[in-house]
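Worksheet for the structure shown next.
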Amino acid sequence: MKLFDIHTHRLNIPNSLFNAERDINSLSPNQYFSIGLHPWYLYDKWEEKWSEFRNYVTNQNCLAIGEAGFDRLRGPELSIQKAAFEEQANTAKTEEIPLILHCVKGHDLLLENLKNTSSHPQIIWHGWNLKTHLAEQLLPFSINFSFGEKILDSKSNASQWLKNCPKDRIFLETDNSEKEIDQIYQAASLILGLSVEDLERQVIQNWNRISSKKLK
């Protein structure tokens, strides 16, 4: 089986999308990756760094922009975070690839952007673990949800939303966890009442629905 890991910080793992912001030169030739400006590492001249990263976007293995987004607990002032997010979202939209979202205490900032922007890319909120009503507010927009190790806790917000999340918006990830992706798929399959094989196919279909760069 090819259990696709939509977001990981573990380098050179097969069938995974590696977050390459800080290790772009360490990738193996066949490694899928995303590239972006994480809000933690933004600075006043972020445009220069994005101009450098922008050169990687046309690489056939660059499947997504990100992590990009909002963080009220860490990072520069929100005006910088908003500007960097909008620039990266525009690139994702132009290239017709998803944006991997990092969002900490910024649900309102994302909603504000979505409501005030006429056109935005497909966005995958990685590591979703907020309450169900907050997820439901995002359903009118092109927002997808990626679930990680939090679903191993049956009482978590992530587990509760996974039960009700539209299946065509579901992705699975390891992020920076020590858990293996097969553990995440097995937990999700129990919650959803799907076989791991069916869930594997669902995730690939979901990706191919939202991206111009297809998975097989």
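The values are calculated or read from the model by the stated rules, or taken from the named source; none is laboratory data. Worth saying up front: this structure is predicted, and the values here are computed from it rather than measured. Note that we place each Cβ from the backbone using ideal geometry, even for glycine, and neighbour counts take in every protein chain shown. We work out accessible area using only protein heavy atoms, side chains counted, and drop any ligands, DNA or RNA first. Shrake-Rupley method; radii C 1.70, N 1.55, O 1.52, S 1.80 Å.
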Is one or more of the residues making up segment 126-134 in contact (Cβ under 8 Å) with a residue 40 or more places away in the chain and either out of contact with any strand residue (DSSP E or B) (no Cβ under 9 Å at 6 or more places or on another chain) or under 21 Å from Asn19 (Cα atoms) (or both)?
yes
What are the pairs, 6+ residues apart or on separate chains, where a residue within segment 29-55 that is over 19 Å from Ala92 (Cβ atoms) has its Cβ under 6 Å from a residue that is part of a strand (DSSP E or B)?
Gln31/Phe18
Qualifying residues in segment 42-83 (those that are open to solvent by 80 Å² or more (accessible area, probe 1.4 Å) and not charged (D, E, K, R)) - the one modelled with the highest pLDDT
Leu73
Residue list for segment 94-105, restricted to those being touching a Lys or Arg at 6+ places or on another chain (Cβ under 9 Å) and either open to solvent by 10 Å² or more (accessible area, probe 1.4 Å) or not hydrophobic (A, V, I, L, M, F, W, C) (or both)
Glu95, Glu96, Val104, Lys105
Note on segment 15-29: residues modelled with pLDDT under 90 and in a loop (DSSP other than H, G, I, E, B) are Glu21, Arg22, Asp23, Leu27, Ser28, Pro29
Pick from Leu152, Leu110: which is among the aliphatic types (A, V, I, L, M) and touching a residue at least 40 places away in the same chain (Cβ under 8 Å)?
Leu110
